[in-house]
Amino acid sequence: MLRESSFLIKTKATLDVVVLTAIVIATRFAEFQSAFFSQSISVILAVNVLCWLFIARAFGLYNDLRMKPISVEWVMFLKAFGIFTLVKSFVFFQLLSSFSFEKYPFFINSVLIFFLLPAQKLLTRIVFKRLRNSHNYSRKVLIVGAGENGINFYENWVNNDFGYQLTGFL
């Protein structure tokens, strides 16, 4: 279980970095600038990725959320996105004021992040649930205790598509 959750966390973080990179590149294409690979794109990418990974980790988006409903992850995302937008705007417009960051690409970047990151998180959740529920990856369970506790365990864990397949009761 621990190995599976650490793989899930690494996959979520990697997919977040990929989506953030794609959003920065798409925003840069939307600006129609001739100097595409300039120093500012690396700064924008570094600020976006570092701020998002730190804030998402602080708000628990990389925790194991398989047992929680999607609404809990959505609320965590909204909180993290709000703080991320505030931190990103502070860094771009106060700390890095020597670079010329315009407000329109910043707005487009934030809107794309707001729509694409939750979609990526939902798709990741669906794919991992389908993989976990397929019989190729299900774990066989032998429940020790055929009494009330064994029946409760069966109803709560094995019967609810958490990736366990009942072998029998002892």
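The values are calculated or read from the model by the stated rules, or taken from the named source; none is laboratory data. Every value quoted in this text rests on a predicted model; they were computed, and no experiment measured them. Because the Cβ atoms are built from the backbone with ideal geometry, glycine has one as well, and the counts that use them run over all protein chains shown. All accessible areas refer to the heavy atoms of the entire protein, side chains included, with ligands and DNA or RNA removed. Shrake-Rupley method; radii C 1.70, N 1.55, O 1.52, S 1.80 Å.
Looking at segment 115-127, is at least one residue at pLDDT 90 or above and either more than 28 Å from Ser6 (Cβ to Cβ) or touching a strand residue (DSSP E or B) at 6+ places or on another chain (Cβ under 8 Å) (or both)? Yes, segment 115-127 has at least one match. Contact annotation: residue pairs with Cβ atoms under 7 Å, 6 or more positions apart or on different chains, pairing a residue in segment 13-31 that is surrounded by 15 or more Cβ atoms within 10 Å (Cβ to Cβ) with a partner that is not in a helix (DSSP H, G or I), are Ala13/Tyr62; Arg28/Phe36. Taking residues in segment 48-76 that are surrounded by 14 or more Cβ atoms within 10 Å (Cβ to Cβ), and partners anywhere that are not in a helix (DSSP H, G or I), the pairs with Cβ atoms closer than 6 Å and at least 6 places apart or on different chains are Glu73/Leu65; Met76/Phe59; Met76/Gly60; Met76/Leu61. Residue count for segment 132-170 satisfying the condition of being in a loop (DSSP other than H, G, I, E, B), modelled with pLDDT of 70 or more and open to solvent by less than 100 Å² (accessible area, probe 1.4 Å): 3. Residues in segment 85-131 that are outside any helix (DSSP H, G or I) and either in contact with a Cys (Cβ under 7 Å, 6 or more places away or on another chain) or crowded, with 16+ Cβ neighbours inside 10 Å (or both): Phe101 only. Going by the structure shown, is Val47 within 21 Å of Phe7 (Cβ to Cβ) and modelled with pLDDT of 80 or more? So Val47 fails the test.
So which residues in segment 62-89 are over 27 Å from Arg28 (Cα atoms) and in contact with a Phe, Trp or Tyr (Cβ under 9 Å, 6 or more places away or on another chain)? Within segment 62-89, Arg66, Met67, Met76 meet the criteria.
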